[in-house]
């Protein structure tokens, strides 16, 4: 009996110790993870002929701060208003808003995050105010949004119940969403404000050349069956299911044969890698924006939620901002198609989506880009 009592007490102590370990020693959140590090001593580590230094040593010796996202492999180094963004395994880097190429990429070696010495020899962290204007400095404020009403002009988009055209529904909705955000102090721009055809590359180019902080493309869905209803939100990545792939094919059809957005001469490997760098940097913000809008719509249960999905939409891939695409409903569903043409319903839907965007804005600014 005494042995049994001792076993129970011993087991309880083990459980208690495990709880303490999880509370005090558990993993940090990805948005504020400590970089994996190993003391490399006072000298550089050579990989081939390339000298590498540990991230923490570089930051310690040069009074540089860093943020490391182990989900995307993104490293953000900054001191004052100067910064570098880079990715594990990639040689393209964003230096204070300008793209440069390293001779060797950042790596993780035996649990240590190491950077090529070249990265610190660039001296990007020194006083460069005379070279780069303030608009290129990192700022964690959401001031403006580009709203993209899909299709337009000769491109009607989907044709739904009773001949309702996607291009008409999404233009009306985009204007309502603009008004909701504008009344809350957001500067809103539209890729089109009338029934005009705007090629997909031009929509991305207009966004890239502006100073907007977010890009939101609005569409309405089409299904093979008339009973499917609800909204979907997409961010830019490879599609994970057949439904997402189908929607991607439909929305990208208008871009067949089109050139990349302004600033990218061709779909070369370098362009693709550069866009992957930019998309990876913005993907986390896009996912958080999608979650915020999804949660806002869910509060009122105004419309069925098909969730957040990924797809390589042309208009998202070539847009250098946190970007999402919203399918606000199915035009092939008779009840939903009629609702989407109703001004009162559109107003309520725009109100919930606007609140989701504003909620994202508040959290983004409070956490400085979800890093706190």
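Condition first: assigned to a strand (DSSP E or B), buried (at least 16 other Cβ atoms within 10 Å of the Cβ) and touching a residue at least 40 places away in the same chain (Cβ under 8 Å). Can you find one or more residues in the stretch 57-65 that meet it? No - not one qualifying residue is present in the stretch 57-65. State whether the residues of the stretch 308-327 include one that is farther than 17 Å from residue 208 by Cβ, modelled with pLDDT of 85 or more and surrounded by fewer than 22 Cβ atoms within 10 Å (Cβ to Cβ). Yes - at least one qualifying residue is present in the stretch 308-327. Give the residue that is nearest to the chain's Cα centre (by Cα), with candidates limited to residues of the stretch 91-105 that are within 20 Å of residue 208 (Cβ to Cβ) and assigned to a loop (DSSP other than H, G, I, E, B). Among those that are within 20 Å of residue 208 (Cβ to Cβ) and assigned to a loop (DSSP other than H, G, I, E, B), it is 97. When restricted to residues that are within 17 Å of residue 195 (Cα to Cα) and in contact with a strand residue (DSSP E or B) (Cβ under 6 Å, 6 or more places away or on another chain), the stretch 140-157 contains 5. Among the residues of the stretch 220-234, those that are in contact with a helix residue (DSSP H, G or I) (Cβ under 6 Å, 6 or more places away or on another chain) and surrounded by 24 or more Cβ atoms within 10 Å (Cβ to Cβ) comprise 220, 233. When each of 92, 40 is tested for being in contact with a strand residue (DSSP E or B) (Cβ under 7 Å, 6 or more places away or on another chain), at pLDDT 80 or above and surrounded by 14 or more Cβ atoms within 10 Å (Cβ to Cβ), the lone residue that passes is 92. Say whether the condition of being under 20 Å from residue 349 (Cβ atoms), touching a strand residue (DSSP E or B) at 6+ places or on another chain (Cβ under 6 Å) and crowded, with 18+ Cβ neighbours inside 10 Å is met by at least one residue in the stretch 200-207. No, the stretch 200-207 has no match at all. Among the residues examined, residue 211 does not qualify as on the phi > 0 side of the Ramachandran plot, assigned to a loop (DSSP other than H, G, I, E, B) and either at pLDDT below 90 or surrounded by fewer than 19 Cβ atoms within 10 Å (Cβ to Cβ) (or both).
The values are calculated or read from the model by the stated rules, or taken from the named source; none is laboratory data. As the structure is a prediction and not an experimental result, all values here were calculated from the model. Glycine gets a Cβ as well: all are built from the backbone with ideal geometry, and neighbour counts include every protein chain shown.
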